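Everything below concerns the one structure shown next.
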Amino acid sequence: MTEAEKCTELARMRTVLANRRTFLAWCRTALAVMGIGVLLEKAGLLLGGRLSDVQVDELGVMGIVALVAGPVLIAFAGWQYVRVGRQVGGDPDYVFVIPEMVVFTVAVAFVLLSLWAM
């Protein structure tokens with residue numbers, strides 16, 4: 001392997017790793033959005049007598065929207081991760097989606113359990 005090929009391979013690996021970090025950052029953001037959704041949903045219970053019924057209902061709607069937005073963000077991040085991974089490497093070893101699907105499944109299960117508990 002020549003020096004130029006080695007530099008090209010290292011640059012490609014840096015791009016693959018940056019793609020992975022970006023995906024994980026989107027997953028953290030989605031989990032934070034879902035946490036805010038739970039907080040908004042439960043704020044009506046905590047602030048019960050201080051808010052009007054309309055305000056409690058609006059908090060509930062915003063909470064549900066945030067809960068649903070989390071898995072949507074994870075799905076978008078996964079799509080982006082696979083798309084960029086194929087553009088950069090095209091090697092199936094670098095586009096391994098099982099951990100991403102586990103994160104997505106856990107997020108959807110969290111949303112469904114949160115909605116069911118309401």
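The values are calculated or read from the model by the stated rules, or taken from the named source; none is laboratory data. Not measured: the values here are computed from a predicted model. We place every Cβ from the backbone using ideal geometry, glycine too, and count neighbours over all the protein chains shown.
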Any chance you could count how many residues in segment 8-32 are over 23 Å from the mean Cα position of the chain (by Cα) and within 20 Å of V111 (Cα to Cα)?
0
Of the residues G49, G35, only one is small (G, A, S), part of a helix (DSSP H, G or I) and within 21 Å of A109 (Cβ to Cβ); which?
G35
Of (1) closer than 16 Å to R28 by Cα; (2) at pLDDT below 75; (3) loosely packed, with under 11 Cβ neighbours inside 10 Å, E100 fails just (3)
Within segment 33-72, which residues are β-branched (V, I, T) and over 22 Å from the mean Cα position of the chain (by Cα)?
V54, V56
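Among the residues of segment 48-63, write down those that are closer than 26 Å to T29 by Cβ, of a type outside the set (D, E, K, R) and out of contact with any Ser or Thr (no Cβ under 9 Å at 6 or more places or on another chain). Give the derivation first.
Looking only at segment 48-63, we keep the residues that are closer than 26 Å to T29 by Cβ, and these are 58-63.
Still in the list and also of a type outside the set (D, E, K, R): 59-63.
Those that are closer than 26 Å to T29 by Cβ, of a type outside the set (D, E, K, R) and out of contact with any Ser or Thr (no Cβ under 9 Å at 6 or more places or on another chain): L59, G60, V61, M62.
Please determine whether any residue of segment 57-67 is in a helix (DSSP H, G or I), farther than 18 Å from L113 by Cα, without any contact (Cβ under 8 Å) to a residue 24 or more places away in the chain and not charged (D, E, K, R).
As a first pass, look at segment 57-67 and keep what is in a helix (DSSP H, G or I): 57-67.
Next, only the ones that are farther than 18 Å from L113 by Cα stay: 57-59.
Narrowing further to those that are without any contact (Cβ under 8 Å) to a residue 24 or more places away in the chain: 57-59.
The next check asks that each one be not charged (D, E, K, R); those that pass are 59.
The answer is yes, given that some residue of segment 57-67 is in a helix (DSSP H, G or I), farther than 18 Å from L113 by Cα, without any contact (Cβ under 8 Å) to a residue 24 or more places away in the chain and not charged (D, E, K, R).
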